[in-house]
Structures are given as C-alpha cells and as structure tokens.
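Peer 1: Okay, handing you the structure first.
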Amino acid sequence: MRRTLGLEKGWAADQPRWTDALRHLQSKIEEAGILLAVSGIVGNNTHRKLDPAEFRGFVLVDEYAPLVFVNGADGKAAQMFTLAHELVHIWFGSSAVFDLRELQPADNETERACNRVAAEFLVPANLLYDFWPDVRQEPERFQAVARHFKVSELVAVRRAFDLGRMRIN
C-alpha cells in the first residue's frame, strides 16, 4: 500500500501535526485514484451529525472507482486508522463498514487482518522497535508513540501490546 501511495515507512513522523499527516495521506489516496469522502454530517444537514460511536467509515470496492468514506466527526488520529483500515479493504477487494470499538479484535478474520495491516501501515514494527528505547522510560510513553506516528494513544498501546516486545505497565 505504501508503495502504491508513494509513502515511505515512517512518513507520518515527518509531518508536524496529525492534521498535516491526515491531509498528506488523503492527498496520496486521491492521487492513487481512490475516491475519498470525509464528512461529519448527514447530507448537508448540519443538525444531523454522524456519531463516531455508530460508525467510523466504510469502503465500496470497485475496479474503476473505489470509494472510502470517513466519518469527519471522529478525531484526526481515529480518522488515520479508519483510512488505513479501509485502504486494506480495497487491497483485499472487500467492501465493508468500519466501526471498531475500543480497538478490540473484530469478529471475523477479514476485519482482524485489516486491523493488523492498518496497524503495520501506520506504525511499522521495525520503526516502533527502533523508537521504543527512546521513550520506554517516559511516564507518557504511549502518548510519545502516538505523537511520533500520528495515531491515537489507543493504537499506540494496542500496537505495542500486539508486538509483544513492550511492557504495558
């Protein structure tokens, strides 16, 4: 996915803020010919906000015009993970709605695979291993990881836990 989008490993760390990283990823997605829509409201009705607790995004896979929709009412770091997750669906060729709650494992293998690939896309294991010694003694080490990779603190904790190399406590 990174190769197709023209992104290097660790690309987000080069961006000064989450917003910049999100815009950069969105731009690369659109340059790759993937339609991208981000909105936090239903249609044009500003009184009907989309609730991130109900859904975070969806993807419609099409050979000619794949579409990713991201709930713009969600936090920027959460939107990063949703974008990555939905991109994986495009690479797998499967449409889906993404409503990951509390980063708990999904009920089916495709969703679990999308979560694993999205996590590797955003927080490559080798880069986290390299970065971890710099922050492991910090009291806010997961916030430091989140800031560095431009992901949520939940993604940082989950990634460290899943890699099995870092102590959570």
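Peer 1: Looking for something in contact (Cβ under 8 Å) with a residue 60 or more places away in the chain, out of contact with any helix residue (DSSP H, G or I) (no Cβ under 6 Å at 6 or more places or on another chain) and not in a loop (DSSP other than H, G, I, E, B) - is there at least one such residue anywhere in segment 84-99?
Peer 2: Looking for residues that are in contact (Cβ under 8 Å) with a residue 60 or more places away in the chain, out of contact with any helix residue (DSSP H, G or I) (no Cβ under 6 Å at 6 or more places or on another chain) and not in a loop (DSSP other than H, G, I, E, B), one finds at least one in segment 84-99, hence yes.
Peer 1: Still on this structure, please answer the following. Kindly indicate which of 95, 27 is small (Gly, Ala, Ser) and at pLDDT 95 or above. Can you show your working first?
Peer 2: Working: 95 fails: at pLDDT 95 or above.
When all the criteria are applied, what remains is 27.
Peer 1: Also: Within segment 141-156, how many residues turn out to be in a loop (DSSP other than H, G, I, E, B) and among the small types (Gly, Ala, Ser)?
Peer 2: Here is the first cut: in segment 141-156, the residues in a loop (DSSP other than H, G, I, E, B) are 150-152.
Restricting the remaining residues to those that are among the small types (Gly, Ala, Ser) gives 152.
Residues in segment 141-156 being in a loop (DSSP other than H, G, I, E, B) and among the small types (Gly, Ala, Ser): 1 in total.
Peer 1: Taking the condition of being touching a residue at least 24 places away in the same chain (Cβ under 8 Å), exposed (fewer than 12 other Cβ atoms within 10 Å of the Cβ) and not hydrophobic (A, V, I, L, M, F, W, C), how many residues in segment 43-74 meet it?
Peer 2: Number of matching residues: 1.
One line per residue, one yes/no per condition, for (1) out of contact with any helix residue (DSSP H, G or I) (no Cβ under 6 Å at 6 or more places or on another chain); (2) among the hydroxyl-bearing types (Ser, Thr, Tyr):
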{"position": "1", "(1), (2)": "no, no"}
{"position": "27", "(1), (2)": "yes, yes"}
{"position": "51", "(1), (2)": "yes, no"}
{"position": "60", "(1), (2)": "yes, no"}
{"position": "71", "(1), (2)": "yes, no"}
{"position": "75", "(1), (2)": "yes, no"}
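Peer 1: Scan segment 117-140 residue by residue and report those that are part of a helix (DSSP H, G or I), more than 16 Å from residue 7 (Cα to Cα) and free of Cβ contacts under 8 Å to residues at least 24 places away in the same chain.
Peer 2: Result: 130, 131, 133, 134, 135.
Peer 1: While we're here: Does residue 10 satisfy the criteria of being in contact with a Pro (Cβ under 8 Å, 6 or more places away or on another chain) and either surrounded by 14 or more Cβ atoms within 10 Å (Cβ to Cβ) or without any contact (Cβ under 8 Å) to a residue 12 or more places away in the chain (or both)?
Peer 2: Details: in contact with a Pro (Cβ under 8 Å, 6 or more places away or on another chain): yes; either surrounded by 14 or more Cβ atoms within 10 Å (Cβ to Cβ) or without any contact (Cβ under 8 Å) to a residue 12 or more places away in the chain (or both): yes.
So residue 10 passes the test.
Peer 1: Within segment 34-65, count every residue that is under 23 Å from residue 6 (Cβ atoms) and either out of contact with any strand residue (DSSP E or B) (no Cβ under 7 Å at 6 or more places or on another chain) or modelled with pLDDT under 85 (or both).
Peer 2: Residues meeting the conditions: 4.
Peer 1: Identify the residue in segment 1-60 that is assigned to a strand (DSSP E or B) and hydroxyl-bearing (Ser, Thr, Tyr) and, among all such residues, is farthest from residue 84 (Cα to Cα). Steps first, answer last, please.
Peer 2: So in segment 1-60, the residues assigned to a strand (DSSP E or B) come out as 35-39, 41-42, 45-49, 57-60.
From the residues that got through so far, the ones that are hydroxyl-bearing (Ser, Thr, Tyr) too are 39, 46.
Numbers: 39: 17, 46: 27 Å.
Checking each candidate, the answer is 46.
Peer 1: Here is a further query. Taking the stated definitions as given, is residue 72 at positive phi and out of contact with any Asp or Glu (no Cβ under 6 Å at 6 or more places or on another chain)? First the steps, then the outcome.
Peer 2: On the way: at positive phi: no; out of contact with any Asp or Glu (no Cβ under 6 Å at 6 or more places or on another chain): yes.
It is false that residue 72 is at positive phi and out of contact with any Asp or Glu (no Cβ under 6 Å at 6 or more places or on another chain).
Peer 1: Counting only residues that are under 17 Å from the mean Cα position of the chain (by Cα) and basic (Lys, Arg), which one in segment 38-82 is farthest from residue 147 (Cα to Cα)?
Peer 2: The residue in question is 56.
The values are calculated or read from the model by the stated rules, or taken from the named source; none is laboratory data. Quantities reported herein were computed from a predicted structural model and do not represent experimental measurements. Cβ: placed from backbone, ideal geometry, glycine included. Neighbour counts: every protein chain shown.
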